[in-house]
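Before any comments, here is the structure.
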Amino acid sequence: MEKRDVLKINRQFLLLTRQLAREGRAAEIMTGLPRAVIEKVASLDMDEIDELAETVPVSLYTFRLTDSALERLLQMPRDAKSTYAEATLL
């Protein structure tokens, strides 16, 4: 993965977090971030988001499923995956 790919992932993740927080949607569930971090991201302007995305050399997004949960999810019927993933992460 190239640095520009990480930058794009971070920027999109920060923008999504900010949007979810501002819309009053379930930002904690959707992002996995603590409320205090979400509130801070919600207060950032575009310049601050771009600077943060550009200067952090690793992905701010983390995968939240365990190996066993992912394996089980992959083997489930398509219509059961959403419910299982939601229940696993809550």
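Coordinate-derived values only; no laboratory data. Since the model is a prediction, treat every value here as computed from it, not as a measurement. Cβ: placed from backbone, ideal geometry, glycine included. Neighbour counts: every protein chain shown.
Within segment 18-33, the set of residues being over 11 Å from the mean Cα position of the chain (by Cα) and surrounded by fewer than 16 Cβ atoms within 10 Å (Cβ to Cβ) comprises GLN19, ARG22, GLU23, GLY24, ARG25, ALA26.
Filtered by the rule that a residue be over 25 Å from LEU14 (Cβ atoms), surrounded by 14 or more Cβ atoms within 10 Å (Cβ to Cβ) and of a type in the set (D, E, K, R), segment 40-80 gives a lone residue, ARG72. For segment 13-51, a tally of residues being of a type outside the set (A, V, I, L, M, F, W, C), within 17 Å of ARG64 (Cβ to Cβ) and in a helix (DSSP H, G or I) returns 4. Only one of the numbered conditions (1) out of contact with any Leu (no Cβ under 8 Å at 6 or more places or on another chain); (2) at negative phi is not met by ILE38, and that is (1). Within segment 60-67, is even one residue assigned to a helix (DSSP H, G or I), free of Cβ contacts under 8 Å to residues at least 60 places away in the same chain and out of contact with any Leu (no Cβ under 7 Å at 6 or more places or on another chain)? Scanning segment 60-67 turns up at least one residue that is assigned to a helix (DSSP H, G or I), free of Cβ contacts under 8 Å to residues at least 60 places away in the same chain and out of contact with any Leu (no Cβ under 7 Å at 6 or more places or on another chain).
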